[in-house]
Amino acid sequence: MSAAPVVSISDDAELARAARHGNRAAFGRLYERYSRMVHGILLARVPHGEVDDLVHDVFLSAMRQLSSLRDDGAFGGWLAMIARNRAHDYHRRARDYIELPENLPASDRHSPDALAALEAICALPAAYRETLMLRLVEGMTGDEIALRTGLTAASVRVNLHRGMKQLRQKLNCEAGS
Amino acid sequence: MRNDYLWDGSGEPDPEVQRLEQLLREFRSERPAPRLQPRVPRSAIAAGFVLAAAGAWLLSGGAPESWQVAHAGARPSRLVVGQTLETGAGGHATMNVGDVGMIDVEANSRLRLERARKNEQRISLEHGLIHAFIWAQPRTFVVDTPSAVATDLGCYYTLEVGRDGSGLVSVLAGWVSFAHDGRESFIPAGAACRTRPGHGPGTPYREQASPAFRQALQEFDFGRGGDTALAIVLAEATKDDAFTLWHLLARCEPSQESRVYDALAALVPPPEGVTREGILRGDRRMRDRWWDRLGLGGAGWWRRLEGKWPADAK
């Protein structure tokens, strides 16, 4: 597992402030730092094939709304909320769309075991699956998850351990059936 | 916390967690930097979208001077220089501006791709509404409208053009220049600027400015507001509106300049060495220095980019 980058909230607050004033490089840095978090949050909520497009949408929304961010130091939590809202919006809109067959030409390139593991996490309660996605898929440490999402370290720890416990039970159950 | 593999990968490895990490790694985000590709929903209802000119072809073909286009319910296509894109009622399209940005095109819009080169990406927006998100060097992305030319100096803005040729640009991040026939407005984030056929760009204003301020400014720019409208603008202005007054210095009648100077000086005192006489005689250097005092970033980079100033419009 790669070491978490050394960052601080104050760094991100500076970047958010600069991005709000049109600094492209600052926005690019925020994208680099937060794209894994946004990706993981979306992966916990929408079909994995849709995630990359929605990551794009989330950052565009963030850019549009950056002027409404009251506390630059809360950028991560604010962005996480946009990602969760975007996932919610995806499901709301999906009801109005015509569903196409699952087996379109761009067939899934992922292994059955990987898909099964992903599906098992997605069946967990929202708080657990989001935290586990950030840890197991995106490779973030507990500290980094807390720093990025604005959750307390204690909450992240609880989510990780309880979520992992439920995930083990689910996987063992499936293996036994 | 140390020695907790689930927490941070330290301590004795947990075989189950390791197995899951290995399995799930293939879903990981590996995007290194913003490369915002056009979005192509896999399941969507086709919207009213027309490539008015013939010759649009699928992505596999490619073209040297073209933009990739994504629109609901269809496969990606390309818009080639000289072609026109038209979205119907309920239509919507997203386009890559080369590799330097993207624009969303709202319903009932009509635009033409004029240039698609590395150092110049240019469209003409006949009517409609676009949201432009650009990370190229300033002045790379340009939009011609019937009454002004919008040049990107920053990140993100919305541009609306009516069927009568009037326009409105609203800037959410960065800067936009709105210019016509030697008259240029610089619009910062949080501000907007109107344009009218025959007049060119009006004076930029803060979107949160008072309704009376905005109405009077519109009357001053495009109506017959004259002294009455100017008096309302000056009375309603706050410190945040100083950039509007700074633009007015170069646009008002000579008989009005003193009043504008006094109002601006009351909001943001001119720096040392900037005199009333110098400003009123149109001394560029002094106006530059006063601009720098407004807290919107230094004026020097504008000169380096093009050397044009609102003051030149006089």
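Just so you know, all these numbers are worked out from the coordinates, no wet-lab data involved. Note that the structure is predicted; figures quoted are calculated from it, not measured. We place every Cβ from the backbone using ideal geometry, glycine too, and count neighbours over all the protein chains shown.
Details
- Residues A:Met164, A:Met37, ranked from the fewest to the most other C-beta atoms within 10 Å, line up as A:Met164, A:Met37.
- Taking the fewest neighbouring Cβ atoms within 10 Å as the starting point, the ordered list for B:Cys252, B:Cys193, A:Cys122 is A:Cys122, B:Cys252, B:Cys193.
- Residue-averaged beta-carbon neighbours from other chains (10 angstrom radius) around A:125-138: 3
- Relative contact order [Cα under 8 Å, 6+ residues apart], the stretch B:140-188, whole percent: 33 percent
- Per-residue Cβ neighbour rank within 10 angstrom, fewest leading, A:His39, A:His21: A:His21, A:His39
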